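The values are calculated or read from the model by the stated rules, or taken from the named source; none is laboratory data. The structure presented is a predicted model; accordingly, all values stated were derived computationally and were not measured. Here the Cβ positions follow ideal geometry from the backbone for every residue, glycine too, while neighbour counts run over all protein chains shown.
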Amino acid sequence: MKQLIAVFIFVFFSINTAIGQSIGFEQIVLRDVAERPLSVSIWYPTKQKMPLTRIGENIVFVGTDVVKNAPVLTSRSPLIVLSHGYRGSWRNLNWLAHEFARLGYVVAAPDHPGTTTFDTAEEKAAQWWQRPSDLSRVITYMLEESDWRDALDDSEVSAIGHSLGGWSVLQLVGAQFNRATFKAECLRYPNPRVCGLSDELGLTAKQPNEPLSSKVFDSRVKRAVSLDLGMARSFSISSLNAIEKPVLVLAAGIDIGDLPQAQESGYIAEHLALQNRRYKVYEAATHFSFMQLCKPGAVERLNEEVPGDGIICTDGKETSREVLHKQIFSDVVRFIKSQ
């Protein structure tokens, strides 16, 4: 009976603590690498409740309510770094960051120069090794230099990425790009979307200032989560076999014509050690189901602006993006807490 009472008190306290928190939000620019400044968005729990500001919202997408530049809580929080997809931004995973901050996590998301909505410079996009390096820079800043450093548990760092962001976070736990592997895979399965981005992303030929080693490992990252990643077949099988960190691979079951999960997420799951990976396919999800919620009429608005873009807000017929988000968040939280 005493144990049951203790559990009840703990759960009651935890729930009420979460209810008493709001979500703080701040944006900073990292200038530690002069030629590659990083815009970073940060979500975190705070006691300050007002004034609320809606972020990440427009006529198509649903945003979230935050308190900008609110005081940081002093409790020890886990850190999550987020990586957006090709030509996306922090807004795409704003919903996920917001939910984690509600649970007491601190979440930081850089906009990757060259492959973000507001910066598509070709010379930056071709520096493929910079994306995972961006995330390591953010981790260093958050743990060592930021206002959050005393509130973070440096033994609890997770990395989550969607699409090209999934490709980026896997490199932090040991996946290594191999140009010969990618070339062979594109001859075998010439996917126009994946292989068609090879030149732009610097994967076809060696780039100026490309590092001698393709290993961009960060020992501080305890686990990685991939959300319907792309470019998976550019990783060497030997490097995937050697990954020792836990990896959660989540995939969309509906192929929209450019990222068949069997050749992308399935490739990763196939070559990771069984004891280190978790793999799940959401049969009713598309590649874009992992992004922010869409408003009613969004499909029509997107198609009016650019024919075909309505697919960004299209999910499986038997579900909704809101339902999928609940499933995704539940699966990711369970994985992080169990590893």
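So which residues in segment 186-208 are in contact (Cβ under 8 Å) with a residue 60 or more places away in the chain and of a type in the set (V, I, T)? If the condition is that a residue be in contact (Cβ under 8 Å) with a residue 60 or more places away in the chain and of a type in the set (V, I, T), then V194 is the only one that fits.
Selection of segment 233-244 for residues being surrounded by fewer than 20 Cβ atoms within 10 Å (Cβ to Cβ) and in a loop (DSSP other than H, G, I, E, B) yields S236, A242, E244.
Yes or no, residue by residue, for (1) in contact with a Lys or Arg (Cβ under 8 Å, 6 or more places away or on another chain); (2) on the phi > 0 side of the Ramachandran plot:
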{"position": "G104", "(1), (2)": "no, yes"}
{"position": "V107", "(1), (2)": "no, no"}
{"position": "T120", "(1), (2)": "yes, no"}
{"position": "Q127", "(1), (2)": "no, no"}
{"position": "S133", "(1), (2)": "no, no"}
{"position": "E145", "(1), (2)": "no, no"}
{"position": "A151", "(1), (2)": "yes, no"}
{"position": "D154", "(1), (2)": "yes, no"}
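Scanning segment 244-283 for residues that are in contact with an Asp or Glu (Cβ under 9 Å, 6 or more places away or on another chain) and under 19 Å from D309 (Cα atoms) returns A252, I254, L259.
Pairing residues of segment 316-339 that are at negative phi with residues that are charged (D, E, K, R) and in a helix (DSSP H, G or I), at Cβ distances under 9 Å and at least 6 apart in sequence or on separate chains, gives H325/E99; F329/E99; V333/E99. Could you list, in sequence order, the residues of segment 117-163 that are assigned to a helix (DSSP H, G or I), more than 20 Å from S77 (Cα to Cα) and over 16 Å from the mean Cα position of the chain (by Cα)? Within segment 117-163, E122, E123, K124, A125 meet the criteria. In segment 308-331, what residues are surrounded by fewer than 16 Cβ atoms within 10 Å (Cβ to Cβ) and not in a helix (DSSP H, G or I)? G308, K317, E318, T319, S320 - these are the residues of segment 308-331 that are surrounded by fewer than 16 Cβ atoms within 10 Å (Cβ to Cβ) and not in a helix (DSSP H, G or I). Scan segment 68-99 for residues that are in contact (Cβ under 8 Å) with a residue 60 or more places away in the chain and either surrounded by fewer than 24 Cβ atoms within 10 Å (Cβ to Cβ) or not in a loop (DSSP other than H, G, I, E, B) (or both) and the total you get is 22. A single member of L272, L302 is within 22 Å of the chain's Cα centre (by Cα) and either touching a residue at least 60 places away in the same chain (Cβ under 8 Å) or within 24 Å of C195 (Cβ to Cβ) (or both), and it is L272.
When F13, F8, F25 are screened for being modelled with pLDDT of 50 or more and either aromatic (F, W, Y) or in contact with a strand residue (DSSP E or B) (Cβ under 7 Å, 6 or more places away or on another chain) (or both), only F25 passes. Filtered by the rule that a residue be hydroxyl-bearing (S, T, Y), free of Cβ contacts under 8 Å to residues at least 40 places away in the same chain and either part of a loop (DSSP other than H, G, I, E, B) or closer than 30 Å to V306 by Cα (or both), segment 42-67 gives a lone residue, T53. If you check E264, E270 for being within 24 Å of V323 (Cβ to Cβ) and among the acidic types (D, E), only one passes: E264.
Residues in segment 247-304 that are hydrophobic (A, V, I, L, M, F, W, C) and in a loop (DSSP other than H, G, I, E, B): I254, I256, L259, A262, L272, A273, A284, A285, M291, L293.
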